[in-house]
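Worksheet: the structure to be examined is printed underneath.
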Ligand code: MN
């Protein structure tokens, strides 16, 4: 039941620019060198999506055709462009104006070292991407086309890694543009930040967000067979430390939880949804607020969030796709409690139930049942664990700031709690926010960022930066270099920029 590989069947198209001026022999060598570069990058194992070399682009019509094809072909999730030689950039205008897929400008060349003693005019004419890529950069900037820029020799692992991170962001962007979010119920009453403009979200992110009656979910839960339930409970027993009472006096509750998980999966499949959200205030005929099922949906690559917060569910789905195959995970998170002890200034995040077990990379979660003060239903079954420490994780929030969306991200390090948390029967994480708790929280509050976040421990800041650039959405970053006065000034500048920017 786990997530399909989101990179399978997807391609990055490698656009190599030149012109007819140089003659056939030069263009033949351009093709050979481009093939070397594509092969080397594909063989590096650092880029999860296949880079497909396309015929060298030499004139305006072929560039236009290439860009139209790239934009309409569902397999193509991004274009990598490299000007091997000088490719006069007015030839690129008509095509670039039609490009609808993410772009990466690769500034590389075939040779590592200038051949000091043998370089002649022929060599220089053939190997002049330092020249050609500047012409290309000019036209991209003039046209206002967002792109990632990667500079370096193509055999440099850092170059392949940067392309690899961008490829993951391309897959996240592709997932957003093909995402249906299934909402069971509406927003938690009176909560502000979880609200948002769903119509605008479809325009900006391509996500389709719609609501279904929760009792339609109940019908799917009721349609689950006993055999399905038995199989799933066996899966629980294999995967988790199941509390003995769940297999004994509380077995009926475990059956309910399993039925709810299977019902959610069935309905999401019927709807074609890759993300979902529920609301504890609107549970219809459900017997429990979904706990373990919601947690496992996230672990299987779906988006999930609570309290009607579809925006965080969207982020979870994107984070899951971007981080596919990497150690770690992606989860709904909520800032709950500070630790102000000097030297241990930390934030404890959790949720009532819905935290993904992918944040636990060592050991097995416990499957337990406990009362829940909200939701007005039977005790929910949930996975309990503490997220495994790791560095360079991020928490990302998406807020609707009236006329647009704002992403805010904090780079954090997940750490061990200072005690057992034995009486807290929920999944949780403890982290040290960068640069410090005080600065992080001040800036987070300043930006009006949400209390619900998407924590990713797989991909970090660069993938989300690439994603934000593709979406044309503001991303305010709080990291080790953040200083509150500068952050406030940057927020003001970004506010102006995004109000004036009419490209998105
Ligand atoms: Mn919440």
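Read the figures in this text as sums done on the coordinates, not as results from a lab. In this text, all values refer to a predicted model and were calculated from it rather than measured experimentally. Cβ atoms come from the backbone with ideal geometry, glycine included; neighbour counts cover every protein chain shown.
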(request) Extending each Cα 7 Å along its Cβ direction at residue 62 and residue 178, get the distance between those two points in nm, one decimal. (result) 3.0
(request) Kindly express, to the nearest 10 degrees and within the range 0 to 90, the angle between helix 310-322's C-alpha long axis and the longest C-alpha principal axis of the chain. (result) 60
(message) Just to be sure I understand: of the beta bridges DSSP finds with both ends in segment 251-400, what percent are antiparallel, rounded to 5?
(response) 70
(request) Against the globular-protein guess of 2.2 N^0.38 Å, express the Cα radius of gyration of the chain as a ratio, rounded to two decimals. (result) 1.06
(request) Rounded to whole Å and sorted largest first, list the principal axis extents of the Cα atoms in segment 262-363. (result) 51, 34, 27
(request) Could you order peptides 70-82, 243-255 by the average number of other Cβ atoms within 10 Å of their residues, highest first? (result) 70-82, 243-255
(request) Give the distance, in whole Å, between the Cα centre of segment 148-196 and the Cα centre of segment 469-504. (result) 18
(message) Compute the helix-to-body angle for 251-271: its Cα long axis versus the longest principal axis of the chain, expressed 0 to 90° and rounded to tens.
(response) 30
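If you take every DSSP beta bridge whose two residues both sit in segment 1-153, what share of them, in percent to the nearest 5, is antiparallel?
0
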(message) Using only the Cα atoms of segment 367-442, what are the Rg and Dmax in Å?
(response) 16.3, 44
(message) Output the 0 to 90 degree angle, nearest 10, between the alpha-carbon long axis of helix 437-446 and the longest principal axis computed from the alpha carbons of the chain.
(response) 80
(message) What number do you get for segment 13-91 when its Cα radius of gyration is normalised by 2.2 N^0.38 Å, N = residues?
(response) 1.11
(message) I want the antiparallel fraction of DSSP beta bridges within the chain, as a percent rounded to 5.
(response) 45
(request) Can you check how the C-alpha radius of gyration of segment 11-176 compares to 2.2 N^0.38 Å, as a plain ratio? (result) 0.98
(message) Need the full-extension length gain, residue 190 to residue 94, defined as separation in residues times 0.36 nm minus the C-alpha distance. One decimal, nm.
(response) 29.7 nm
